[in-house]
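The structure appears below as structure tokens.
The values are calculated or read from the model by the stated rules, or taken from the named source; none is laboratory data. It should be emphasised that the depicted structure is a prediction, and the values quoted were computed from it without experimental measurement. No Cβ is skipped: glycine too gets one built from the backbone with ideal geometry, and neighbour counts run over all protein chains shown. Accessible surface areas use protein heavy atoms only, side chains included; no ligands, DNA or RNA. Shrake-Rupley method; radii C 1.70, N 1.55, O 1.52, S 1.80 Å.
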Amino acid sequence: MNEIITERPNLFEPNVYITMCVEVTGKPCPQKLAAAVSEAYKANEATMSRIVLEQGVASYEKLAVSGCKVEITDKSWLELVRENEKLPYAIDKGELVRTFVIPSEADTRIMIMAHHLAGDGKSILYFIKDIMNAFGQVPLTYKPLSLLHRASFPETGLSVPAKLYARYCNRKWKHLFFTWQDYSDLHNKYWDTFSSDIEYKTLSIAETAQIIEEAKQIGCSVNSYLVTMFLQKYQKKCEVGIPVSIREDKNEAMSNLVSGIRIRYQFDTQKSFAENAMQVHKRIKKALRQKRVFVLQFLASLPATLLDAVLLTTYDCYSDRLAEQTAKVMSYTGEKTRDLGVTNLAVPDIPLLYGEHQIKNIIFVPPAISYAHNIIGIITVQGKMTISFHKMQQHSIMK
């Protein structure tokens with residue numbers, strides 16, 4: 001079994017589903033496409049495993065038969081999101097991914113809704129590649145899990161305050177054990193209260209090219225340009241969280257190989273957009289240099305069941321002073337909760353053409369996790385950038 005360490009907060013997080021909607025041309029046979037999904041499940045250890053929770057230790061355990069599901073439906077992908085986010089995934093039985101094949105008169109859609117313990121955004125892209133290859137009867141290579149362990153992030157890499165807080169938590173925490181019933185109760189309470197609000201927009205090739213060119217002229221990355229564009233919509237200093245891939249080249253395993261950084265910035269209306277973009281870019285680069293794996297080091301240093309308690313106490317399913325304090329430290333509650341989370345998968349490093357079938361577009365919707373108010377997902381396919389906005393509140397910045 002493979003123990004869950006740095007991704008432990010995803011175990012009890014109620015809003016933890018990554019969604020990708022893939023548009024495929026050529027009207028592939030729905031039944032054959034569904035069969036290809038099943039073959040893709042078999043080719044990945046993540047989708048051939050269940051989550052075991054015993055005496056506070058959470059691990060992946062291999063299964064003989066995948067617990068992940070595939071279904072052919074005529075429902076819209078947004079309708080499927082709203083339905084499925086409210087139904088707890090039976091991760092203890094291996095249900096880490098739900099895939100839906102949606103035939104239509106035009107392009108067929110494959111909607112993948114994956115629990116974060118199945119992997120990160122890039123994992124889902126590689127899973128899409130597996131589906132399309134299996135559909136074309138290309139043999140798939142089995143990919144084992146690629147997990148991060150405590151040895152990968154020694155405590156010596158932590159700042160002194162973080163190290164002292166981690167030691168304090170390990171000394172004070174009562175090491176209580178939580179159960180699948182706690183998982184179910186938290187999920188049901190959360191989704192009885194909330195519902196996803198998803199908007200998205202696909203830019204034209206010309207609009208996408210303009211963003212890339214303007215970022216180049218300014219001297220910043222496309223991601224820094226986009227973060228600045230979103231910050232311009234706000235009239236206050238914002239906490240912005242940005243996931244960072246730590247996946248090694250050619251590693252196509254379905255695993256959660258992501259760290260994260262954050263910056264704090266208020267768009268200065270007295271300066272040009274270019275000047276603001278450069279300030280944002282400098283802050284992102286500094287955070288990448290100094291804090292690239294900090295969050296993973298910190299998570300690995302804390303008691304695992306305390307991380308479960310953080311989620312439970314955030315939604316009033318458990319009461320504990322240390323858990324409440326740690327929820328604030330981790331930005332689940334309090335003033336440091338992210339105003340924005342921005343995930344840019346850029347141009348997918350997977351083929352788009354599979355025989356007579358082509359991936360026309362992908363809509364990427366990251367989960368609206370508990371430590372951020374508004375989540376933005378970005379992906380560029382066939383020269384067109386698609387931006388999604390996922391929130392659990394009623395205001396919108398999508399224009």
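Say the dipole of region 35-122 comes from +1 at the beta carbon of Lys and Arg and -1 at that of Asp and Glu; which of Leu53, Ala64, Ala118 then lies farthest toward its positive end?
Value: Leu53.
Specify which residue in the list Tyr265, Ile359, Ala346 is farthest towards the positive end of the charge dipole of region 256-399, using unit charges on the beta carbon of Lys, Arg (+1) and Asp, Glu (-1), about the Cα centre.
Of Tyr265, Ile359, Ala346, it is Tyr265.
Mind checking which lysines have their Cα closer than 20 Å to the Cα of Lys174? Skip sequence neighbours fewer than 8 apart in that chain.
Lys163, Lys328
Take every Cα-Cα distance within region 236-334, group them into 10 Å bins from 0 onward, and report for each bin the whole-number percent of pairs it holds.
Final binned percentages: 13, 32, 32, 19, 5.
At most 11 other Cβ atoms within 10 Å and a DSSP loop assignment: could you name the GluC sites (Glu not before Pro) in region 84-191 that fit? Write down the numbers at each step before the final one.
Numbers: sites: Glu85, Glu95, Glu105, Glu155; in loops: Glu85, Glu95, Glu105.
Counting only loop positions with at most 11 other Cβ atoms within 10 Å, the GluC sites (Glu not before Pro) in region 84-191 are Glu105.
Which log10 I(q)/I(0) values, to two decimals, does region 62-116 give at q = 0.20, 0.30 Å⁻¹ under the Debye formula with one point per Cα?
-0.73, -1.24
Looking at the P(r) of region 252-399, how many percent of alpha-carbon pairs lie beyond 19 Å?
Numbers: 7301 of 10878 pairs.
Of all Cα-Cα distances in region 252-399, 67 percent exceed 19 Å.
Would you work out the charge dipole size for region 13-99 about its Cα centre, treating the Cβ of every Lys and Arg as +1 and the Cβ of every Asp and Glu as -1, and quote it to the nearest 20 debye? Mind dumping the intermediate values first?
Numbers: 11 positive and 13 negative charges, 53 e Å.
Using only the charged Cβ atoms, the result is roughly 260 debye.
Looking at region 64-222 only, what percent of DSSP beta bridges run antiparallel? Nearest 5 please.
On the way: 6 of 10 bridges.
Around 60 percent of the beta bridges assigned by DSSP in region 64-222 are antiparallel ones.
How high is the relative contact order of region 143-269, in percent, with contacts defined as C-alpha pairs under 8 Å that are six or more residues apart? All intermediate terms of the calculation are to be shown ahead of the outcome.
On the way: 74 pairs, mean separation 39.8, N = 127.
Relative contact order here is 31 percent.
Under a 1.4 Å probe, what is the accessible area of region 170-262 per residue, stated in Å²?
Numbers: 5020 Å² over 93 residues.
Here the residues of region 170-262 average 54 Å² of exposed surface.
If I compute solvent accessible area with a 1.4 Å probe over the protein chains, what percent of it on the chain is carbon and sulfur? Show your work: numbers first, answer last.
Working: 8910 of 17620 Å².
It is 51 percent, rounded to a whole number.
Across the Cα atoms of region 30-97, what radius of gyration and what greatest pairwise Cα-Cα distance (Dmax) are found, in Å?
Using the Cα atoms of region 30-97, the pair Rg, Dmax is 13.7, 43 Å.
Can you tell me which of 56-67, 226-237 comes out highest on packing, and rank the rest after it, using the mean Cβ neighbours within 10 Å? Walk me through the numbers on the way to the answer.
Values: 56-67: 15.6, 226-237: 17.2.
Those peptides, ordered most packed to least, come out 226-237, 56-67.
Starting from 0.36 nm per residue, how many nanometres of slack lie between Gln31 and Thr193 once their C-alpha separation is accounted for? Please report the intermediate quantities before stating the final value.
Details: separation 162, 0.36 × 162 = 58.32 nm, distance 3.63 nm.
Answer, rounded to one decimal: 54.7 nm.
With all protein chains present, calculate the accessible area of Met278 using a 1.4 Å probe and round the result to the nearest 10 Å².
Surface accessible to solvent at Met278 totals approximately 50 Å².
Please go through region 75-167 and write out the chymotrypsin sites (Phe, Trp or Tyr not before Pro) that DSSP classes as loop and that have at most 10 other C-beta atoms within 10 Å. Don't skip to the end; give the middle numbers.
Values: sites: Trp77, Tyr89, Phe100, Tyr126, Phe127, Phe135, Tyr142, Tyr165; in loops: Tyr89, Tyr142.
Listed in order of number, the matching sites are Tyr142.
Throw me the Rg/Rh for region 100-189, computed over C-alpha atoms with Kirkwood Rh, two decimals.
Numbers: Rg = 20.9 Å, Rh = 18.2 Å.
For region 100-189, the value is 1.15.
Would you kindly state how much longer the chain becomes between Gln270 and Glu54 on full extension, computed as 0.36 nm times their sequence separation minus their alpha carbon distance, in nm to one decimal?
Additional length available on full extension: 72.1 nm.
Starting from the alpha-carbon convex hull of region 192-293, give the projected area averaged over all orientations, in nm². Present the calculation step by step, with values, prior to reporting the outcome.
On the way: hull surface 38.3 nm².
Average of the hull's projected areas for region 192-293 equals 9.6 nm².
Would you compute, for the Cα atoms of region 222-282, the largest minus smallest coordinate along each principal axis and list the three values in descending order, in whole Å?
Its Cα atoms span 46, 19, 17 Å along the three principal axes.
Starting at the first residue of region 243-257, write each ³J(HN,Hα) from the Karplus equation 6.51 cos²θ - 1.76 cosθ + 1.60 with θ = phi - 60°, in whole Hz, x for Gly and Pro.
x, 10, 6, 10, 6, 6, 4, 6, 8, 9, 5, 7, 7, 9, 10
Between the DSSP loop rule and a limit of at most 14 other Cβ atoms within 10 Å, which trypsin sites (Lys or Arg not before Pro) in region 256-286 are left?
Lys271
Treating the beta-carbon of each Lys and Arg as +1 and of each Asp and Glu as -1, no other charges, what is the dipole magnitude of the chain about its Cα centre, to the nearest 20 debye?
Numbers: 48 positive and 42 negative charges, 291 e Å.
Dipole magnitude for the chain comes out near 1400 debye.
R0 = 25 Å: FRET efficiency of Lys174 with Lys328, Cβ-based, nearest 0.05?
Values: r = 19 Å, r/R0 = 0.75.
My answer for the efficiency is 0.85.
Taking the C-alpha atoms of the chain, how large are the radius of gyration and the largest Cα-Cα span, Dmax, in Å?
20.8, 62
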